[in-house]
Amino acid sequence: MRKENAWCPLSYKCGGCDYADLPYQVELKFKRDYLKKLFFYIDVPEVIPCRSIEHYRDKVQAVISTRNGKIISGLYIKGTHHVIDLKDCRLEFEGASSILASVRSLMKSFSLAPYDEDRRTGDLRHVLLRHAHNRNEVMATLVFGSDRFRRKKEFAYALVQKHPEIKTVSWQLNDEKTSMVLSDKAIRILYGDGYIEDEICTLRFRITPSSFFQINRSQTEVLYETAMRMASLRGNERVLDAYSGTGTIAMIASGKAGRVVAVEENGAAVQIAKENARLNGIGNVDFVSADASIFCKEAAKKGVKFDAAFLDPPRSGCDERFLSSLIKMGPEKIVYISCNPETQARDIRYLKNFGSYYVRRIQGVDMFPRTSHVENIALLTKAPELKEEYRTFSGKGKYLDDRERKYGRKR
Ligand code: SAH
């Protein structure tokens, strides 16, 4: 069904958009089929589509390089260190390409050279842009490969003058041999406050250059609302938000819970999470800066219990230490949000085998149209509720899980 070059002339080279030339309905079907294979034991409904399949990326990470003596900005071709000259990308937020064009032209007038990782020459390495929808504000971070360029502030002012939507500019030194955009060195502000603010589910959130924030703002609201509906909190529960980033899920859940504990290993993100809570007048969330596995192991040892847990780990999923401690803390419901359904399915197997948790609902949400990535939410509950579930599903002739297949259907 592919039509070469129909959607983007560079999609074949770049590799960022696996599904560039497919009709969106077919893309959604592929994503659902993928989830069906992983979660074959339960009904998988249609994946919730994204309102817009273009310009949804609110985070742009451009690599600065040279091609035939000309400054270019773009992306690494998938799986390589080769930079593709990308003047306009259909996924990036509207306005990103014009800011990057200004960066390239200002580099010429400031005699600022692109950094060459192999020869360790030049200066500017990456430009990171983050966009807040509500106020149409942009934050720019200039990543330098060396600390030679002396006119950073002037450069930042010149960029802001051309693009008043840029509310803050920061810079960071990253002179390591790595494909990571940011290093762990300090981020210094050149202009503005060092953060921008966006609104999600009626709450205000600060976004800084290094903190995790979902890249598709409007669909993030759909993701969180769906997760909250699946959790159906009653208002008095003790809730765990593991891998909490800047505290988005914890804060949204706090309105419907007694107390929330949010655990995140990135100390800077926790700092912002605390500020976010203050900003919104939220007082029933405890933010913990720790490795989720270590924190949960200690908490389980002390006999801490939770009624419900939200998990939103990175692509690698959760480790056994975390999962076994979670089982000990015995939440009645687990809402597992994942950007990598394969590790999610693996972790769910563990929770089933060692904790008698069962999947009650699966809901895919398309956060990344045109790419093969799909976000998935799973609702798990403890075994007793399963009985009812058995009845619900037995009529449809579907296997609920491996045990049902082995021991036959219960009624
Ligand atoms: N729930 C948040 C963030 C999800 S991204 C949101 O929706 O915005 C995953 C987060 O897990 C990142 O912020 C990352 O820093 C954090 N993380 C990764 N490994 C971790 C670990 N072992 N313990 C705690 N947090 C971890």
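Please treat every number below as a calculation from the coordinates, not as lab data. Only a predicted model underlies this, so the values are computations on that prediction, with no experimental measurement involved. Reconstructed Cβ throughout: ideal geometry from the backbone, glycine too, with neighbour counts over all protein chains shown.
The Stokes-Einstein estimate for segment 283-380, based on a Kirkwood radius over Cα pairs and taken at 37 °C with 0.692 mPa s viscosity, is a diffusion coefficient of 233 µm²/s. For segment 264-396, DSSP calls about 75 percent of its internal beta bridges antiparallel. Angle of helix 341-355 to the longest C-alpha principal axis of the chain, folded into 0 to 90 degrees and rounded to 10: 30°. With respect to the chain, whose longest principal axis is taken over its alpha-carbon atoms, helix 152-162 is tilted by about 80°. Note on LYS31: aspartates and glutamates with a C-alpha under 18 Å away, same-chain residues under 8 apart excluded, are ASP18, ASP21, ASP43, GLU46, GLU54, GLU342, ASP366, GLU375.
Taking the DSSP bridge list for the chain and keeping only pairs wholly inside it, about 60 percent are antiparallel.
Within the shell of other residues whose beta carbon sits under 9 angstrom from the beta carbon of VAL138, the net charge comes to 0, with Lys and Arg scored +1 and Asp and Glu -1. A convex hull fitted to the Cα coordinates of the chain yields 147 cubic angstrom per residue.
Under 5 Å from the amide H of ILE282 lies no amide H of any residue 5 or more positions distant or on a separate chain, with H modelled from the backbone and absent for Pro and chain starts. Sorted fewest first by neighbouring Cβ atoms within 10 angstrom, TYR41, TYR336 come out as TYR41, TYR336. Only lysines eight or more places from LYS87 in sequence, or on another chain, were considered; those with a Cα closer than 21 Å are LYS13, LYS59, LYS70, LYS78, LYS108, LYS162.
Residue exposure proxy: ILE294, ILE166, ILE362, ordered by other Cβ atoms within 10 angstrom of their Cβ from fewest to most, comes out as ILE294, ILE166, ILE362. Against the chain, whose longest principal axis is taken from its Cα atoms, helix 320-329 shows a tilt of about 50°.
What whole-number distance in Å separates the alpha-carbon centres of segment 161-240 and segment 306-379? Each part reduced to its Cα centre gives a spacing of 22 Å. The phi-based Karplus calculation (6.51 cos²θ - 1.76 cosθ + 1.60; θ = phi - 60°) puts the 3J(HN,Hα) values of segment 293-303 at 5, 5, 4, 5, 4, 5, 4, 4, 4, 7, x Hz, whole numbers, x for Gly and Pro.
Couplings for segment 221-228, taken from phi via the Karplus curve 6.51 cos²θ - 1.76 cosθ + 1.60 with θ = phi - 60°, read 4, 5, 4, 5, 5, 5, 4, 5 Hz in order; Gly and Pro are left as x.
Sorting 181-190, 310-319, 205-214 by their mean Cβ neighbour count within 10 Å, with the most densely packed peptide first, gives 205-214, 310-319, 181-190. Under conditions of 37 °C and 0.692 mPa s, segment 1-155 yields 184 µm² s⁻¹ as its translational diffusion coefficient, taking Rh as the Kirkwood radius over Cα pairs in the Stokes-Einstein equation. In the chain, helical runs assigned H by DSSP with n ≥ 4 each contribute -39500 (n - 2.57); averaged across all residues and rounded to the nearest 500, the mean residue ellipticity at 222 nm is -9500 deg cm²/dmol. GLU117 sits among other residues whose Cβ lies under 10 Å from its own Cβ, and their net charge, with Lys and Arg +1 and Asp and Glu -1, is 0. Footprinting exposure proxy ranking of LEU233, LEU124, fewest other C-beta atoms within 10 angstrom first, gives LEU233, LEU124. Within the shell of other residues whose beta carbon sits under 10 angstrom from the beta carbon of GLY355, the net charge comes to +3, with Lys and Arg scored +1 and Asp and Glu -1.
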